[in-house]
Amino acid sequence: ASIPIVFTISGDAVIGKFVDSWARPGVNRTGISLFSLELMPKRLAFMKEVMPGMKRVAIIGWPQHAGEIMELEAARTAAEQSGLVHQYYGVSTVAELDAALEAIAQWKGDAILVFAGGIAIANADRIAAFALRKRIPAVSTWAVFAENGNLMTYGPVLKDSYERLATFVDRILKGADPAHMPVERPTKFELVINRKAARALGIDI
């Protein structure tokens, strides 16, 4: 409890009980949260731009993720505002992910919106293989998802956020109290498109 901890978390730092509040952590932990609800509409907008005929979007999330309910609400709102029918699939294991993908194929989804979570990101190549096989492209949050064969991502530049953590360490070593250091959010974002995947899926960028 006495050793300062500087973290990066994909979810909501307060809901995940990493800190007491964003502005005043109140504990020996601080850092950067990659949680970005406001980017959800943009991900769907990018997908609709390259797939004008998109009507049905499947949403894959991780029920245990800190802030999942808020992410789902943001995704549903964005989908409805874009005139998209949506269906949510919560997965906690690889087996559940495989079952969800098959269910999406049967549901005849046109695209998949994947939340940033351990199972989905760790199995990005699995999702990419499914997307190519069933012609159902996926969009997510971090570049690694596109780098592993999926069509597109829009979200924070992870490298920039990780490097930013060094400033937290520097301040703490100079005497700053992490309990009083606000949790920050990313300031740089990137759109990443896997053009090889796009060609394989027959999508013009």
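Numerical summary
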read-out	value
The chain, relative contact order [Cα under 8 Å, separation at least 6], %	26
Radius of gyration and maximum dimension Dmax of the stretch 138-205, Cα, Å	17.1, 56
Gyration tensor (Cα) of the stretch 1-92, equivalent ellipsoid semi-axes in angstrom	33, 13, 10
Alpha carbon convex hull of the chain, projected area averaged over orientations, nm²	11.2
Extended-chain gain in nm, criterion 0.36 nm per residue less alpha-carbon gap, residue 122 and residue 170	14.2 nm
Dipole-positive endmost among 109, 123, 186 within the stretch 52-205 (Cβ charges, Cα centre)	109
Protein accessible area in the stretch 20-122, 1.4 Å probe - carbon and sulfur %	57
The stretch 100-150: proportion of alpha-carbon pairs further apart than 14 angstrom, %	42
Check: the stretch 1-120 dipole with +1 on Lys, Arg Cβ and -1 on Asp, Glu Cβ, in debye	200
Span per principal axis, largest first, for the Cα atoms of the stretch 67-160 (Å)	36, 29, 23
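The values are calculated or read from the model by the stated rules, or taken from the named source; none is laboratory data. Remember, predicted model here, so these are calculated numbers, not experimental data. For neighbour counting, all protein chains shown are included, and Cβ atoms are generated from backbone atoms with ideal geometry for every residue, glycine included. Note: accessible area is taken over every heavy atom of the protein model, side chains too, but ligands, DNA and RNA are not part of it. Shrake-Rupley method; radii C 1.70, N 1.55, O 1.52, S 1.80 Å.
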